[in-house]
Amino acid sequence: MAAFTSSLAEQLAPGLLERFLRYVRVSTQSSRESGLHPSTPAQLDLSRMLLEELNALGLKDTSIDDGGYVMGTLPANGADPATAPVIGLIAHVDTSPDAPGDGVEPIVHRAYDGAPIALPRGGTVLDPVTMPELATARGHDIVSSSGDTLLGADDKAGVAEIMTAIAHLAANPDLPRPNLRVGFTVDEEIGQGGLRFDVERFGARAAYTIDGSDLGELQDETFTAAEAELTIEGIEVHPGFATGKMVNALRLAAQVLAALPSDTLAPETTSEREGFIHAHEIVGSPARARVYFIVRDFEDDLLEQHVALLRRTAEDVLGKEPRASWRLDVRAQYPNMRDHLRATPEVVSHAEAALRAEGIEPVRTPIRGGTDGSLLSARGLPTPNLFTGGHEYHSVREWASLHEMAASAAAIVRLAEVWARA
């Protein structure tokens, strides 16, 4: 059995696991298509559950708004709450729409032995040969789905870790803490979580999203993100009489995709600080096709170049068929948080101190993705990101290490002490 990072982490683990298993069973997938807010009403089920639990723990100023955002305050101790800093802890309740997410049945694998794990459904295998992070979890208690759904560790691991840390601090009033403001968001997975978050009402000096992955991650840089929708209008004709008449929008869409770079600028062929153009969905018919893209880079000027390349490729391909019409709609999603955090270096340095106090060496890597903190930092709430212990997000191979999750919850307790003594 692998050791926990500290006796505190070991103490927190049982309650953390109970919460996590309960939360992942609540279906909370968000939807890109619904046009609602929250995008799926099921997210409110978990939001309301969390509100009840915060009230049971004795938090003050608890609330849930019409959008499903939950907030609450654990007041400072050992100091006048009116003068103590207000520090936020944030996680999102929704799970990704990229893999099946209803009917999650979590499985706990005790003292993982390092061998491949054949899950009971879907033919899914967790193999340390192809999943290097799993190879480092030998001896850990790990949690997976049954193989035909995602698990929901993104970000119910973060939700459970915040709730566990808050419960521990509330039950131990001798432990130093600032005013801790808890926030649970919706629709993060579709890039909407930080847009409707009421920063003014939250009232924090700084915050942390608990939404990373590997043990020790402390991230203050994300992709800058845009989404693009290419709509192609063709000409539909009965296929038996289509000679010289039909203009097949689906075929034109395929030609655009084939013309984009594949050895570069694709998620599967880029890494580290390289950006990409990713076609993640195509729908339609010969009469009309839509291709949905996400475009990513760490630098704004490079992101603009990627969007320009996408537009130029569409023009080159579709311009050869004058009977077709098309348009490319581009929308900014979230910014790189890096530039918005530079003015408050103590927010990151305090997190580094908390991790080291838990016996964890901080891992400083940019996020090849985004968090609620991307938008919140741009809106004036400095919000770097901390690890959760979840892995293989957005897939049926998703799993989480209880040992790493407990380390995350313990690090939150340490973070409270660092801010209280700052």
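Tyr292 to His37: FRET efficiency via 1/(1 + (r/R0)^6), r the Cβ-Cβ distance, R0 22 Å, to the nearest 0.05?
After rounding, the FRET efficiency stands at 0.65.
For the chain, give me the percentage of DSSP beta bridges that are antiparallel, rounded to the nearest 5 percent. Don't jump to the answer; show the numbers that get you there.
Values: 49 of 65 bridges.
Within the chain, antiparallel bridges account for around 75 percent of the total.
Looking only at Ala13, Ala259, Ala378, which one moves most when the chain is put into a Gaussian network model with springs between Cα atoms under 10 Å?
Comparing Ala13, Ala259, Ala378 in a Gaussian network model of the chain, the most mobile one is Ala259.
I need two numbers for the chain: Rg to one decimal and Dmax as a whole number, Cα atoms only, in Å.
Looking at the chain, its Cα Rg and Dmax stand at 22.9, 82 Å.
Taking all protein chains in place and a 1.4 Å probe, what share, in percent, of the accessible surface of the range 227-308 do carbon and sulfur account for?
Within the range 227-308, the accessible surface is 53 percent carbon and sulfur.
When the chain is fully extended, how far beyond the present Cα-Cα distance does Asp316 get from Ser7, taking 0.36 nm per residue of separation?
Once the chain is fully extended between Asp316 and Ser7, it gains 105.0 nm.
What does the C-alpha gyration tensor say about the overall shape of the range 330-422? Classify as rounded when a/c is under 1.5, otherwise prolate if a/b is larger than b/c, or oblate.
Oblate shape, in that a/c is at least 1.5 and b/c is the bigger or equal ratio.
Over the range 240-326, give the accessible area per residue in Å² for a 1.4 Å probe, as an integer.
56
Ignoring ligands, DNA and RNA, please state the percent of accessible area on the range 89-182 from carbon and sulfur, probe 1.4 Å.
52
Within the range 89-133, find all residues whose amide N lies under 13 Å from a label point positioned 7 Å from the Cα of Ser395 along Cα-to-beta-carbon.
Correct set: 99, 124-133.
Apply the a/c threshold of 1.5 to the C-alpha gyration tensor of the range 242-388 and tell me whether it is rounded, prolate or oblate. Let's see the in-between values first.
Working: a/c = 3.30, a/b = 2.88, b/c = 1.15.
Taking the square roots of the gyration eigenvalues as a ≥ b ≥ c, the range 242-388 is prolate.
R0 = 35 Å: FRET efficiency of Ala259 with Asp339, Cβ-based, nearest 0.05?
With R0 = 35 Å, the Cβ-Cβ based efficiency is 0.55.
Check the straight Cα-Cα distances from Lys60 and name the aspartates and glutamates below 13 Å, setting aside those fewer than 8 residues away within the same chain.
Here the aspartates and glutamates satisfying the reach criterion relative to Lys60 are Glu52.
In the range 299-408, what trypsin sites (Lys or Arg not before Pro) fall in a loop by DSSP, with at most 15 other Cβ atoms inside 10 Å?
The qualifying sites are Lys320, Arg323, Arg342, Arg364, Arg379.
How fast does the range 232-303 diffuse by Stokes-Einstein, in µm²/s, taking the Kirkwood radius from C-alpha pairs at 10 °C and 1.306 mPa s?
The diffusion coefficient I find is 114 µm²/s.
Can you give the three extents of the C-alpha atoms in the range 17-146 along their principal axes, from longest to shortest, in whole Å?
Over the range 17-146, Cα extents along the principal axes are 53, 42, 23 Å.
In Å, what Rg and Dmax follow from the Cα atoms of the range 326-366?
Gyration radius and largest Cα-Cα distance of the range 326-366: 16.8, 56 Å.
Less than 18 Å from a label point 7 Å out along the Cα-to-Cβ axis of Glu352: which backbone N atoms in the range 373-388 qualify, by residue?
383-387
Using the Cα centre as the reference, give the magnitude of the dipole from point charges on the C-beta atoms of the range 275-335 (Lys, Arg: +1; Asp, Glu: -1; all else neutral), rounded to the nearest 20 debye. It would help to have the intermediate numbers written out before the result.
Values: 9 positive and 10 negative charges, 94 e Å.
Computed charge dipole of the range 275-335: roughly 460 debye.
Using 0.36 nm times the number of residues separating Glu52 and Arg331, minus their current alpha carbon distance, what extension gain do you get?
Result for the pair: 96.8 nm of gain on full extension.
Work out the length of the dipole vector of the chain about its Cα centre, built from +1 on the beta-carbon of each Lys and Arg and -1 on the beta-carbon of each Asp and Glu, and round it to the nearest 20 debye.
My answer is approximately 440 debye.
Per residue, how large is the accessible surface of the range 117-179? Use a 1.4 angstrom probe and give square angstrom. Write out the running numbers ahead of the final one.
Values: 1960 Å² over 63 residues.
Normalised by residue count, the accessible surface of the range 117-179 is 31 Å².
Which part of the range 390-410 falls in the paramagnetic zone of Val108, meaning amide N under 11 Å from the point 7 Å along Cα-to-beta-carbon?
Within reach of a label on Val108, which here means backbone N under 11 Å from a point 7 Å along Cα→Cβ, the range 390-410 contributes 402.
The values are calculated or read from the model by the stated rules, or taken from the named source; none is laboratory data. These figures come from a predicted structure and were not determined experimentally. Every residue, glycine as well, gets a Cβ built from its backbone with ideal geometry; the counts of neighbours run over all protein chains shown. What goes into the accessible areas is simple: the full protein's heavy atoms, side chains included, and nothing from ligands, DNA or RNA. Shrake-Rupley method; radii C 1.70, N 1.55, O 1.52, S 1.80 Å.
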